1. In peptide A:73-84, what is the residue-averaged number of other protein chain Cβ atoms found within 10 Å of each Cβ?
2. Return a whole-number percent for the relative contact order of region B:10-141, with Cα pairs under 8 Å and 6 or more residues apart as the contact set.
3. Taking only pairs that are 8 or more places apart or on different chains, how many Lys pairs in chain B have Cα atoms under 15 angstrom apart?
4. How many times 2.2 N^0.38 Å is the alpha carbon radius of gyration of chain A?
5. If one computes P(r) from the Cα atoms of the protein assembly as shown, what percent of pairs lie at distances over 32 Å?
6. Can you tell which of B:Phe27, B:Phe120, B:Phe212 shows the greatest fluctuation in a Gaussian network model of chain B with Cα springs below 10 Å?
7. Which value results for Rg/Rh of region B:38-89 when Rg is the Cα radius of gyration and Rh the Kirkwood radius based on the inverse mean 1/r?
8. Peptide B:105-113: average number of partner chain Cβ atoms within 10 Å per residue?
Amino acid sequence: MSWTPDEMAARAALDIPNGAYVNLGIGMPERVADFVPEGRTFVYHSENGLLGMGPEPAETERDPDLINAGKKPVSLNPGASFFHHADSFAMIRGGHIDYCVLGAMQVAQNGDLANWSTGAEDAIPAVGGAMDLVAGVKTIYIVTRHTTKDGEPKLVETCTYPLTGLGVVKRIYTDLAVVAVLENGFKLVETAPGVAADEVRKKTAAPLA
Amino acid sequence: MIDKTLASVADAVADTEDGATVAVAGFGAAGSPVELLHALIEQGAKKLTVINNNAGNGKVGLASLIASGRVAKMICSFPRSAGSVVFPDLYRAGKIDLEVVPQGTLAERLRAAGAGIPAFYTPTSVGTPLADGKETRDFDGKTYVMEPWLRADIALIKADVADTHGNLIYNMTARNFAPIMCMAATTTIVQAREIVDPGSINPETVVTPGIFVDRVIHVPNPEHEDDLLRAARSYP
């Protein structure tokens with residue numbers, strides 16, 4: 001039994017402490033907000049100038065001027081604030097955001113991350129705020145499937161896709177396991193129920209201690 | 001007496017020259033100055049370089065300016081978004097240039113321009129293809145890449161409330177790039193839903209001080225790009 005995307009997000013949420021300022025990437029990482037452990041409060045940051053972001057509101061309460069970095073309608077939690085883009089990225093780059101949860105194409109054993117471009121010739125390059133987030137947020141977590149749709153490992157010795165940042169990833173939450181990135185490489189922290197460590201190692205293209 | 005108001009969006013963009021660099025506020029549809037963009041299409045300036053986080057949505061506003069063939073180059077962080085159809089086609093056909101800039105670097109380059117700082121060092125993009133060929137320097141044992149300021153000839157801004165001095169308030173996340181684009185441009189042009197007398201806005205709540213604003217136009221019922229996209233409208 002591997003973890004579902006919801007369970008992966010819930011597992012990542014367990015490793016974020018009460019009171020943390022958190023930025024969630026678009027897609028699977030956004031689900032972390034649905035699984036905040038009992039008794040904890042996170043303050044969510046959105047790159048487009050919002051702290052204290054709340055969940056998607058009912059259709060009738062949406063305002064097209066109140067959106068998140070994924071351009072979806074959101075709401076405001078008590079204590080929210082607005083600010084311009086340079087202040088927003090000062091929060092990111094200046095080390096004021098505690099945790100960022102992102103998706104990944106590849107993570108290398110030294111913590112290098114590739115998650116913005118496949119480098120394909122006809123691809124239109126688009127980076128958004130990913131490089132700023134990994135360069136500035138104190139702790140970077142990755143939520144991703146352990147392998148690609150074609151079964152290729154995403155945890156690798158060296159990234160082959162263009163990099164987003166060097167040595168930035170601290171932990172990876174996959175459908176099979178939780179993997180820490182330590183100074184000497186990947187370390188298996190925990191496996192999903194019924195998943196053997198050997199299976200995780202087989203699907204990891206780098207040594208897994 | 002100071003009065004920066006002009007009668008129409010057409011008047012406000014009338015002197016835009018070919019080859020100008022235009023900073024266009026907005027993040028997705030929020031804060032997009034639709035009426036000013038459409039006026040710029042009517043005005044006809046060509047070979048523009050446009051700065052925006054994205055590269056237009058649907059076939060209105062910035063996307064229609066791009067579709068009209070007036071934009072030679074886009075400087076943005078994320079040109080590939082849902083509903084972005086015009087830019088990808090022109091880019092693949094080799095008809096428009098693209099400079100991709102990390103979002104925070106884009107913001108800081110605009111802020112630096114407004115603050116009179118010609119370049120700065122940032123940790124963002126170090127070791128990635130976006131730092132290729134750029135000067136790097138170590139500070140306290142860590143490597144940073146140098147990025148230049150990003151100045152604009154004009155900025156097109158959407159505000160919620162302006163006074164006649166150009167003091168501005170925005171609406172929620174429609175603020176996004178607007179305050180730093182106001183600072184970065186030689187001529188800052190603002191469309192405001194409401195224009196009030198000086199003194200009507202509490203000085204404690206002014207977001208953009210009027211010194212960064214040159215022209216203000218009253219657009220009382222602005223089209224929201226989000227509504228235009230939902231209705232699948234196109235301009236002209």
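Laboratory data are not the source of any read-out in this text; all were calculated from the coordinates shown. Since this is a predicted model, take the numbers as computed values, not measurements. Positions of Cβ are backbone-derived with ideal geometry, glycine not excepted, and every protein chain shown enters the neighbour counts.
1. Details: counts 1, 2, 0, 1, 0, 0, 0, 1, 0, 8, 5, 15.
Taking all residues of A:73-84 together, the mean is 3.
2. Details: 209 pairs, mean separation 23.3, N = 132.
Value for region B:10-141: 18 percent.
3. Details: B:Lys46/B:Lys73; B:Lys46/B:Lys95; B:Lys47/B:Lys73; B:Lys47/B:Lys95; B:Lys73/B:Lys95.
Final tally of qualifying lysine pairs is 5.
4. Details: Rg = 17.1 Å, N = 209, 2.2 N^0.38 = 16.8 Å.
Dividing the Cα radius of gyration by 2.2 N^0.38 Å gives 1.02.
5. Details: 38750 of 98790 pairs.
Everything past 32 Å amounts to 39 percent.
6. With Cα springs under 10 Å in chain B, the top fluctuation among B:Phe27, B:Phe120, B:Phe212 is at B:Phe120.
7. Working: Rg = 10.0 Å, Rh = 10.8 Å.
Radius of gyration relative to Kirkwood radius: 0.93.
8. On the way: counts 7, 6, 13, 6, 1, 3, 6, 1, 0.
Going residue by residue through B:105-113 and averaging, the value is 5.
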